[in-house]
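Shown next, in structure tokens, is the structure this report addresses.
The values are calculated or read from the model by the stated rules, or taken from the named source; none is laboratory data. Quick caveat, the model's predicted, so the values are computed rather than measured. Don't worry about glycine lacking a Cβ; one is built from the backbone with ideal geometry, like all the others, and counts go over all protein chains shown.
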Amino acid sequence: MDNKSGQIDELISQASELRWKIGSDYHDKLTEGIYADAASITQRAEIRKDNSASYNFDRMLDKVLTSRTFGFPIMGLILSIILWLTIQGANYPSSMLDSLLLGTVYPFLKDLSSQLGIVWWIDGLLLDGIYMAVAWVIAVMLPPMAIFFPLFTLLEDFGYLPRVAFNLDGLFKKSGAHGKQALTMSMGWGCNAAGVVATRIIDSPRERLIAIITNNFSLCNGRWPTQILIATIFIGALVPAGWSGLVSTTAVIGIAFLGIFFTFFTSWFLSRTMLKGEVSTFTLELPPYRPPRFWKTIYTSLIDRTIIVLWRAIVFAAPAGAVIWLISNIDISGHSIAYYSINFLDEFGFLIGLNGVILLAYVVAIPANEIVIPTVLMLTVAHFGISNFGAGDGVMFDLDSETQTAEILQTGGWTLLTGINLMLFSLLHNPCSTTIFTIYKETKSWKWTSVATILPIIMGIVVCFLVAQLYRILM
Amino acid sequence: MEEVNKGCEDCAFYNAAELKKLGISVENADYVIALAGNPNTGKSTVFNALTGLRQHTGNWAGKTVTRAEGGFKYNDKRYKLIDLPGTYSLLSTSEDEEVARNTILFGRPDVTVVVADASRLERNLNLVLQVLEITDKAVLCLNLMDEAKRHGIEIDDRTLAKDLGIPVVVTSARSNEGIPELIQTISQVASGEIVCKPHRIKSLPKKVEQAVQSLSKKINGLYPELPNTRWIAMRLLDGDQQILSAIKSGDFISSGNGQ
């Protein structure tokens, strides 16, 4: 054994001796050697015919999509078209699912349970709590996701995302972050947890941390439908029906771009305070455009993304439904737990242009962003004792007409400000529990996990507060 | 009739019927196969075609940053497939390149399949040549042939196979073309039916070549069962800390699996 370790030491000292002898350009020489071999082998095996036509088409497309003048407008346009198709297209299947799950199945189950003589609180917990929450989540989330994800995946397969990265590279550099962050940011539009894992492509630990912390500002799977829903109900409902699609699309795009702005702003802030350092350079490969394989893409994006995200939402919605029903129905000296919590949070809620109901909904829905809106509406109905919707306290209800929605919102004291701030707060708050866990796994640091969790909440509260004050001064 | 059947047994398509995709069940594998390649060459598509899994694919460089694993069964042998992150080389120290490098070096897969973009052969060969320094048992999967044709590029795969000293299989994994042949070739290399004589980097300056050779001999004396002493010598000359500590601890022998 000693003999062996002696040999190893000898080997290592010989290696370092030789390193000195060869000189510092060894790495370059080795690389050059590999390149020379690759070139000579290629020359023997490759036959290139005239390929100008297809080559030129790709170059032309790149010139337009990554041009200084048209790059950003085209990006906005493409995103707008996708969102508009999602918002417009989701209406019809949503109301169909709604009338099926809530209009037909729910009364049937209620009848069944009363015939069987099931105790009121079991009936309430199971049907008015859990079933309602799950049905609501399916009805409002499945249609927009089933339209949005395939469209987004088609765009990804075509090869557009790296062009987005190319367009944004300069801005990232200016804010002191790595250009590849544009890619992880786009991944975050799918799922923040996936975006955080994707930051492994960034070599520098400093820039990687920036990318991890700011990934939450990319609206994710869970929050796209939420944003679309808030925009449709609270912003779109304010204008004549013909305009509502356009107006709500604009609102959602506004929020998405605001997210990009916050990504840059936070990167800039971090790289000048907590995470100072040099910007590293990298080469970004623009892959060839590939015609996506339409049906396969539709199929895999439905299986991979839609069903997985929906399932996650259902898993979190079921217990949340139970909690909502319980806090609305367990009374302490005459009032429900929800009543006390909402009153307790109301003052602070008012300060930041929200209300106690919304804040309580965020607390209940901490594990998953996607069920915040159903929770908000359920609690609103329960708290303000709106009797002509749903079946009573803590029961989720079905919103099939805009006047009904507006009525509920007015009863709940909602204004345009509440809608706007709800959208802002949905963009700027802590990441979901899965993402927080992923951040810890990637950074192995409680400190940075806490920063990534708390920083967005602080920003959300500050932004909502400022918007509320401004709104109250102006209106 | 018998004659006909015999013909069939040699045919890759007949044998592909014996393929059983095992998804993520990879226990008790007879052979471990690593899938390496440049970013965005369709590694994940090849991976999915072989395992029946639906690892998300996307048209951008650097999509796969972790190792994905899957399995398939072919002619009664179980294969475990590891999809490595796409890298341009194995010479730097970013996390994705280290995952790829360590799996091939320390994990010692039975076959390393390098997936290359047929329309960007020269650049892809840089990685192929580095892989061939580390392992003897490799297959080149020349993917995206449909796209190469669209760009007016043809590749003489026989000459390429001869020059590289490993089997070359031409595929268009998106439409499953060439996958049966790839599976058969993998099994032949794994079982030793095909023996590779991999190309070793030739165009090194004399001084470097001599240094590599003398170190390589020493390493061979210490660890005679190592197939890649030349490559380890090259890394030592570059001052690679991880290789240095592996030499000290003898990690090559225990062959942990890279992570």
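Brief remarks on what is shown
- Filter result for B:ILE183 (assigned to a loop (DSSP other than H, G, I, E, B), in the same structural domain as B:ASN48 (by TED's automatic domain parsing) and buried (at least 22 other Cβ atoms within 10 Å of the Cβ)): no
- Test: residue in the stretch B:88-109 that is at pLDDT 90 or above and either under 21 Å from A:ARG200 (Cβ atoms) or not basic (Lys, Arg) (or both): yes
- Against the test of being farther than 13 Å from A:ILE41 by Cβ, touching a strand residue (DSSP E or B) at 6+ places or on another chain (Cβ under 7 Å) and either among the β-branched types (Val, Ile, Thr) or more than 9 Å from every other protein chain (Cβ to nearest Cβ) (or both), the options B:ASP136, B:ASP146 yield a single qualifying residue, B:ASP146.
- Hits in the stretch A:355-397 (condition: aliphatic (A, V, I, L, M), more than 26 Å from A:ALA193 (Cβ to Cβ) and at pLDDT 65 or above): A:VAL357, A:LEU377, A:MET378, A:LEU379, A:VAL381, A:ALA382
- Selection status of A:GLY176, buried (at least 19 other Cβ atoms within 10 Å of the Cβ), part of a helix (DSSP H, G or I) and touching a helix residue (DSSP H, G or I) at 6+ places or on another chain (Cβ under 8 Å): no
- Selected residue (criterion: nearest to the other protein chains (Cβ to nearest Cβ)) from residues of the stretch B:186-199 that are surrounded by 14 or more Cβ atoms within 10 Å (Cβ to Cβ) and outside any helix (DSSP H, G or I): B:HIS199
- Flag for B:ALA246 being within 14 Å of another protein chain (Cβ to nearest Cβ), touching a residue at least 60 places away in the same chain (Cβ under 8 Å), assigned to a helix (DSSP H, G or I) and surrounded by fewer than 21 Cβ atoms within 10 Å (Cβ to Cβ): yes
- The condition of being of a type outside the set (S, T, N, Q) and crowded, with 17+ Cβ neighbours inside 10 Å does not hold for A:ILE118.
- Check on B:ASP96, within 14 Å of chain A (Cβ to nearest Cβ), part of a helix (DSSP H, G or I), within 30 Å of A:PRO291 (Cβ to Cβ) and touching a strand residue (DSSP E or B) at 6+ places or on another chain (Cβ under 6 Å): no
- Residue within the stretch A:217-240 that is over 20 Å from the mean Cα position of the chain (by Cα), of a type outside the set (Ser, Thr, Tyr), farther than 18 Å from A:ILE420 by Cα and in a helix (DSSP H, G or I) present: no
- Among residues of the stretch A:323-357 being touching a Leu at 6+ places or on another chain (Cβ under 6 Å) and assigned to a helix (DSSP H, G or I), the one that is farthest from A:ILE461 (Cα to Cα) is A:TRP325.
- Across the stretch B:166-180, the number of residues qualifying as assigned to a loop (DSSP other than H, G, I, E, B), out of contact with any Ser or Thr (no Cβ under 9 Å at 6 or more places or on another chain) and either buried (at least 18 other Cβ atoms within 10 Å of the Cβ) or acidic (Asp, Glu) (or both) comes to 2.
- Residues that are touching a residue at least 40 places away in the same chain (Cβ under 8 Å) and more than 10 Å from chain A (Cβ to nearest Cβ) within the stretch B:221-239 comprise B:PRO227, B:ASN228, B:ARG230, B:TRP231, listed in sequence order.
- Reported count of residues in the stretch A:195-238, each being closer than 29 Å to A:ALA146 by Cβ, within 12 Å of chain B (Cβ to nearest Cβ), surrounded by fewer than 24 Cβ atoms within 10 Å (Cβ to Cβ) and at pLDDT 80 or above, is 0.
- Among the residues of this structure, A:ARG272 does not count as one that is touching a residue at least 60 places away in the same chain (Cβ under 8 Å), within 14 Å of chain B (Cβ to nearest Cβ) and surrounded by fewer than 18 Cβ atoms within 10 Å (Cβ to Cβ).
- In a residue-by-residue description of the stretch A:434-451, the property of being touching a helix residue (DSSP H, G or I) at 6+ places or on another chain (Cβ under 8 Å) and in a loop (DSSP other than H, G, I, E, B) applies to no position.
- Among the residues making up the stretch B:210-222, those that are loosely packed, with under 15 Cβ neighbours inside 10 Å and not small (Gly, Ala, Ser) are B:GLN210, B:GLN213, B:LYS217.
- Subset of the stretch A:293-332 (residues that are free of Cβ contacts under 8 Å to residues at least 60 places away in the same chain and of a type in the set (Phe, Trp, Tyr)): A:TRP295, A:TYR299, A:TRP311, A:PHE316
- Residue under evaluation B:ASN143, criteria (1) within 11 Å of the chain's Cα centre (by Cα); (2) closer than 26 Å to B:LYS73 by Cα; (3) crowded, with 23+ Cβ neighbours inside 10 Å, criterion not met: (1)
- Taking the stretch A:13-130 and the helices (runs of 4 or more DSSP H) fully enclosed by it, the elements with 2 or more residues that are within 14 Å of chain B (Cβ to nearest Cβ), closer than 30 Å to B:ASP117 by Cβ and among the basic types (Lys, Arg) are at A:26-45.
- In a residue-by-residue description of the stretch B:203-220, the property of being more than 12 Å from every other protein chain (Cβ to nearest Cβ) and without any contact (Cβ under 8 Å) to a residue 24 or more places away in the chain applies to no position.
- Scanning the stretch A:196-214 for residues that are assigned to a helix (DSSP H, G or I), farther than 21 Å from A:ILE458 by Cβ and not aliphatic (A, V, I, L, M) gives A:THR199, A:ARG200, A:PRO205, A:ARG206, A:GLU207, A:ARG208.
- Condition check for A:SER301: polar (S, T, N, Q) and in contact with a Phe, Trp or Tyr (Cβ under 7 Å, 6 or more places away or on another chain): yes
- Screening A:GLY170 with (1) buried (at least 24 other Cβ atoms within 10 Å of the Cβ); (2) modelled with pLDDT of 80 or more; (3) more than 21 Å from A:VAL252 (Cα to Cα) gives one miss only, at (1).
- Across the stretch B:139-165, the qualifying residues are those that are of a type in the set (Val, Ile, Thr), modelled with pLDDT under 95 and not in a helix (DSSP H, G or I), and the one among them that is farthest from B:VAL115 (Cα to Cα) is B:ILE153.
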